[in-house]
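Structure record follows, encoded as structure tokens.
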Amino acid sequence: LERRLGRIGAARRHAQAARGERPFAAALELAHLDRQQSETAAALAGYRALSTHASDARERAIALGELGRMLQSVGQNRDAQRHHAEALALSRELGDEARAELEASLHARATHRAGDVAEAVVLHQRALAAHRARQSRRLEAAELGHLGFCHHELGEHDEAERHFRASIAGLAAVGDLVLEAIERSMLARLLY
């Protein structure tokens with residue numbers, strides 16, 4: 001909560017104090033704080049350590065997913081793909097469908113950013129099916145936007161437009177004005 005409120009010092013003190021009782025959660029929070037403060041090397045080191053020294057498969061899946069996100073943010077998309085794929089497989093093994101759903105989407109994005117756009121379309125379609133199965137309306141709408149972007153890059157303009165419009169409608173329905181505005185700008189870029 002302290003991190004979300006921007007009280008970084010207090011958040012860091014709470015995480016340090018929790019290291020003895022909840023070592024994984026505390027170390028994860030410290031890595032999040034480093035990422036939020038643009039301490040890239042420290043955040044990467046924290047997530048890597050967590051993924052290597054996790055005490056169980058659940059912790060490892062979480063750490064691998066966070067490491068993949070961090071790697072995407074610094075443009076190391078091939079490594080991010082690998083980590084998200086591993087986190088996805090672990091999450092499925094554990095029966096953690098919510099985490100698997102998220103990892104499927106992140107894996108698709110890393111694949112797209114790595115330049116494998118056609119493969120990303122397939123992965124986004126699988127993630128979209130997972131969002132629909134779990135009735136995750138916001139994630140479904142966001143995934144449609146990612147598909148639209150992929151189709152746009154592939155020169156498949158009718159498909160791109162269809163996905164952008166569906167994304168905009170879905171985001172409007174759930175009240176995500178920020179993401180809706182982004183998708184509207186993507187549609188405008190496609191059409192004009």
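Every number in this text was worked out from the coordinates using simple rules, so none of it is lab data. Being a predicted model, the structure only gives us computed values, none of them experimental.
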* To do: Of the listed values (1) 40, 37, 32; (2) 55, 34, 30; (3) 67, 54, 28, grab the one calculated as Cα extents along the principal axes in Å from the structure here.
  => (2)
* Would you calculate, for the chain, the mean residue ellipticity at 222 nm contributed by helices, counting each DSSP H stretch of 4 or more residues as -39,500 (n - 2.57) and dividing by all residues, to the nearest 500? => -27000 deg cm²/dmol
* Asked: Given the options LEU30, LEU147, LEU88, which has the most mean-square fluctuation in a GNM of the chain, springs set between C-alpha atoms less than 10 angstrom apart?
  -> LEU30
* Could you give the DSSP H helices of the chain that reach 27 angstrom or more along their long axis (alpha carbon positions) and whose average Kyte-Doolittle hydropathy is no lower than 1.0? => none
